[in-house]
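J.: Have a look at this one.
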Amino acid sequence: MQKIAISFLSIPFLFSAALFATETPIDHVFHVRDFGAVGDGQTKDTAAIQKAVDAATQSGGGQVLLTPGTYLSGTIHLKNNVDFHLMAGAVLYGSPDKEDYNAPDFCPQNRVFPGDFMSGAHLIVAVEQSNVTISGRGRIDGNGKAFLKDPESDRFLPKNKITWRPAQMLFFCESTNITIRDVELFNSPYWTCFLHGCEDILMNGVRINNRLDTANGDGIDMDCCQRGTISNCLIESGDDCITLRANEEPLKKKRPCELIAITNCVLKTPCQAVRVGVGNGKIRHCTFSNLVIHDTSVGLNFYSSYSPNSPGTTIENIRFDNIVMSARVPFIMTLGYAVDSTKIRNIYFRGISGVCRATSPIGGKPDNALLNISFEDIDLAVPQGSQPFTAMQLSHIDGLRLKNVRIFEWDKSNEPSPFAIRLNTIEHGVYDHCWPIPEETPPIE
């Protein structure tokens, strides 16, 4: 009997090759250059790329491959069973021309927000599709400067001076089995990646890099999504880095935003690192862990309703754990304009340390208290020599738990702090090992 020797070193290679062969057979790779793409940054490659996508989905699925080069493009419609793969050195570059993008009414779920001075156009869309992937070490560049640059300076224009710009650079709507991994999302002229009403989402290793003066330059927005993860991402954005939303109105199928896990991310923005709220549905059963937040205005922001025209979003059963932040305001939690039937409840913060420069307002209303809010193992330092102020203002809460919460000056972590924790209209409060001791103040009406 002939003996066959297999090196242990070869096993990982054979295993990975077998996986690759199963996922994307070599005869199911669709090179966009074979369909007429040039990749010189000058020729518009929209039609050629779309032909490759269409051919892949019509054959039952496959990988649409962008080799190194710069592919100038308008809207690309991704379809079922397609892996849109950008090799290292490949750039999908947004066209500066309005006519290269989708019409605002290309699908019934699309919305234009006039107050944001955006159009409803997108660079990549996937509407009611399944098994769609964006992968690779390449870059998707929204060419934000073509729409936002001030002609008289190097600055980007404020939004009320913008004449026309595309909307969300990536727009996934009511689609399932979405994977976005390893790519760089760069220079978006508006929100970078918007997932609305999607299910079964994996985002991993994504780098988002937008100019900090990009108006409404969000990183990742998950709206009415279910069963999703965001992990190992580096996000530097001009507006919210990561948001969970519950705007059901545009969707064909109404659903809550739920079962989302966000972990191992580094976030930077002049606005909110994490925002939870907006809409009229529910956000529930989500976790945030292992986050580093730096050079940011607001660390963690809960806001049920920004408008008197919205009843607000019910937000419940959300956990934050193991977070380091440098933020002017670490926490905001408010109902805003929400009606009495809208609730914020069962919110837990644990293992958070950071720098605090202004008051964190956390509170409900006289007739609609926040319910079951917990802070445990919280260390907030204020810069040396700061004027004493109220570091945390907690009001109208039924079921408040503060355990091992410390406020101290940066270089005086072992001395009593003049920076107060103030309580107003708290029912069923439990305070254990807090420094300074929380102070009861007259009720806020």
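The values are calculated or read from the model by the stated rules, or taken from the named source; none is laboratory data. Just so it is clear, the model here is predicted, and its values are computed rather than measured. Neighbour counts run over all protein chains shown; Cβ positions are idealised from the backbone, glycine included. Surface areas here come from the heavy atoms of the whole protein model, side chains and all, with no ligands, DNA or RNA. Shrake-Rupley method; radii C 1.70, N 1.55, O 1.52, S 1.80 Å.
J.: If I ask for residues that are surrounded by fewer than 20 Cβ atoms within 10 Å (Cβ to Cβ) and under 23 Å from ASN247 (Cα atoms), which ones from the range 285-309 would you list?
T.: HIS285, THR287, TYR306, SER307, PRO308, ASN309
J.: Still on this model: Among the small types (Gly, Ala, Ser) and modelled with pLDDT of 95 or more, is that true of GLY120?
T.: yes
J.: Restrict the check to the range 160-173 and report whether at least one residue is assigned to a strand (DSSP E or B), farther than 25 Å from ASN280 by Cβ and modelled with pLDDT of 95 or more. Show your work before the answer.
T.: Let us first name the residues in the range 160-173 that are assigned to a strand (DSSP E or B), namely 170-173.
Then keep just the ones that are farther than 25 Å from ASN280 by Cβ; that gives none.
No: the range 160-173 contains no residue that is assigned to a strand (DSSP E or B), farther than 25 Å from ASN280 by Cβ and modelled with pLDDT of 95 or more.
J.: Out of the strands (runs of 3 or more DSSP E) lying entirely within the range 190-234, which hold 1 or more residues that are free of Cβ contacts under 8 Å to residues at least 60 places away in the same chain and open to solvent by 20 Å² or more (accessible area, probe 1.4 Å)?
T.: The qualifying strands (runs of 3 or more DSSP E) are 199-204, 207-209, 226-231.
J.: Continuing with this model, one more query. So, of the residues in the range 251-267 that are crowded, with 17+ Cβ neighbours inside 10 Å and more than 12 Å from the chain's Cα centre (by Cα), which turns out to be nearest to PHE171 (Cα to Cα)?
T.: Step by step, filter the range 251-267, then rank; the result is LEU251.
J.: Looking at the range 389-400, can you tell me whether even one residue there is surrounded by 12 or more Cβ atoms within 10 Å (Cβ to Cβ) and over 31 Å from the mean Cα position of the chain (by Cα)?
T.: yes
J.: Can you find a residue that is touching a strand residue (DSSP E or B) at 6+ places or on another chain (Cβ under 6 Å) and open to solvent by less than 10 Å² (accessible area, probe 1.4 Å) anywhere in the range 158-167?
T.: The answer is no; no qualifying residue exists.
J.: Check whether at least one residue in the range 85-96 is out of contact with any strand residue (DSSP E or B) (no Cβ under 8 Å at 6 or more places or on another chain) and closer than 28 Å to ILE162 by Cβ, and report yes or no.
T.: Pass one, the range 85-96, residues out of contact with any strand residue (DSSP E or B) (no Cβ under 8 Å at 6 or more places or on another chain): 88, 96.
Checking the rest, the ones that are also closer than 28 Å to ILE162 by Cβ come to 96.
Yes; the residues of the range 85-96 include at least one that is out of contact with any strand residue (DSSP E or B) (no Cβ under 8 Å at 6 or more places or on another chain) and closer than 28 Å to ILE162 by Cβ.
J.: Which of the residues belonging to the range 128-141 are open to solvent by 40 Å² or more (accessible area, probe 1.4 Å), over 13 Å from GLY62 (Cα atoms) and part of a strand (DSSP E or B)?
T.: Result: ARG139, single match.
J.: Part of a loop (DSSP other than H, G, I, E, B), buried (at least 20 other Cβ atoms within 10 Å of the Cβ) and out of contact with any strand residue (DSSP E or B) (no Cβ under 6 Å at 6 or more places or on another chain), is that true of ALA121?
T.: Here the answer is yes, as ALA121 does meet what is asked.
One line per residue, one yes/no per condition, for (1) surrounded by 20 or more Cβ atoms within 10 Å (Cβ to Cβ); (2) in a loop (DSSP other than H, G, I, E, B); (3) touching a Cys at 6+ places or on another chain (Cβ under 6 Å); (4) β-branched (Val, Ile, Thr):
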| site | (1), (2), (3), (4) |
| --- | --- |
| GLN50 | yes, no, no, no |
| ALA55 | no, no, no, no |
| GLN63 | yes, no, no, no |
| TYR93 | yes, no, no, no |
| ASN102 | yes, yes, no, no |
| CYS107 | no, yes, no, no |
| ALA126 | yes, no, no, no |
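J.: Now, a different point. Name the residue that is least open to solvent (accessible area, probe 1.4 Å), counting only residues in the range 66-86 that are assigned to a strand (DSSP E or B) and without any contact (Cβ under 8 Å) to a residue 40 or more places away in the chain. So that I can check it myself, show each step before the final result.
T.: So in the range 66-86, the residues assigned to a strand (DSSP E or B) come out as 66, 69-73, 76-77, 82-86.
Checking the rest, the ones that are also without any contact (Cβ under 8 Å) to a residue 40 or more places away in the chain come to 69-72.
Numbers: GLY69: 16, THR70: 49, TYR71: 0, LEU72: 15 Å².
So the residue we want is TYR71.
J.: Is there any pair linking a residue in the range 382-402 that is at positive phi to one that is among the charged types (D, E, K, R) and assigned to a strand (DSSP E or B), with Cβ under 7 Å and at least six apart or on different chains, and which?
T.: So the pair list comes out as HIS396/LYS365.
J.: Checking GLY138 against (1) free of Cβ contacts under 8 Å to residues at least 12 places away in the same chain; (2) within 27 Å of ALA90 (Cβ to Cβ): exactly one of these is not met. Which one?
T.: (1)
J.: For the range 360-370, enumerate the residues that are open to solvent by 50 Å² or more (accessible area, probe 1.4 Å) and within 29 Å of the chain's Cα centre (by Cα).
T.: PRO361, LYS365
J.: If you don't mind, there's one more thing I want to ask. Give ILE332, ILE352, ILE344 a once-over and let me know the one that is more than 21 Å from ASN264 (Cβ to Cβ) and open to solvent by less than 20 Å² (accessible area, probe 1.4 Å).
T.: Going through ILE332, ILE352, ILE344 in turn, just one is more than 21 Å from ASN264 (Cβ to Cβ) and open to solvent by less than 20 Å² (accessible area, probe 1.4 Å): ILE344.
J.: Which condition breaks for TYR337 when tested against (1) at pLDDT 95 or above; (2) of a type in the set (Phe, Trp, Tyr); (3) open to solvent by 10 Å² or more (accessible area, probe 1.4 Å); (4) within 18 Å of ARG245 (Cβ to Cβ)?
T.: (1)
J.: Go through the range 372-387 and count every residue that is farther than 17 Å from VAL405 by Cβ and open to solvent by 50 Å² or more (accessible area, probe 1.4 Å).
T.: 3
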